[in-house]
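Accompanying notes for the structure given below.
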Amino acid sequence: MENVKHKPCLVLNQDWKPLTVINWKRAICLGIVGEEVVGEGVRIVEWYSDDSVKSSGGKFIQVPAVAVSNRYVKKRRKIKIKKKNLLVRDNGKC
């Protein structure tokens, strides 16, 4: 058991596109929620092979590396209004 203080966990959207990076502790909590409540939390798909932590019940839990969200998260993208972006949007015509 190494120092797992700064191990990140990549969270993928339901369509397996990158969504965000969270702390391994939050990933464990969301993984437990995902097992208990349908449509919530995450499903852990990859773990750090050499890292595990001891839970309060005495069980060893592997540290998650990659998780998939149990529901689709629609990300809103804000596009900055710049001359270049306007030209791309309008196919180079004013």
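Laboratory data are not the source of any read-out in this text; all were calculated from the coordinates shown. In this text the structure is predicted, and so the values were computed from the model without any measurement. Here Cβ is always computed from backbone atoms with ideal geometry, including for glycine, and neighbour counts include all displayed protein chains.
Pairs meeting the criteria (first residue in region 26-40 and free of Cβ contacts under 8 Å to residues at least 24 places away in the same chain, second residue not in a helix (DSSP H, G or I) and not small (G, A, S), beta carbons under 6 Å, at least 6 apart or on different chains) are V33/E40. Residues of region 73-94 that are exposed (fewer than 10 other Cβ atoms within 10 Å of the Cβ) and within 29 Å of Q14 (Cα to Cα): K74, K75, R76, R77, K78, I79, K80.
Can you work out which of the residues in region 21-72 that are among the polar types (S, T, N, Q) and in contact with a Phe, Trp or Tyr (Cβ under 7 Å, 6 or more places away or on another chain) is nearest to C9 (Cα to Cα)? Break it down stepwise before answering.
First, pick out the residues of region 21-72 that are among the polar types (S, T, N, Q): 23, 49, 52, 55-56, 62, 69-70.
Next, only the ones that are in contact with a Phe, Trp or Tyr (Cβ under 7 Å, 6 or more places away or on another chain) stay: 52, 62.
Values: S52: 14, Q62: 12 Å.
Looking at residues that are among the polar types (S, T, N, Q) and in contact with a Phe, Trp or Tyr (Cβ under 7 Å, 6 or more places away or on another chain), I get Q62.
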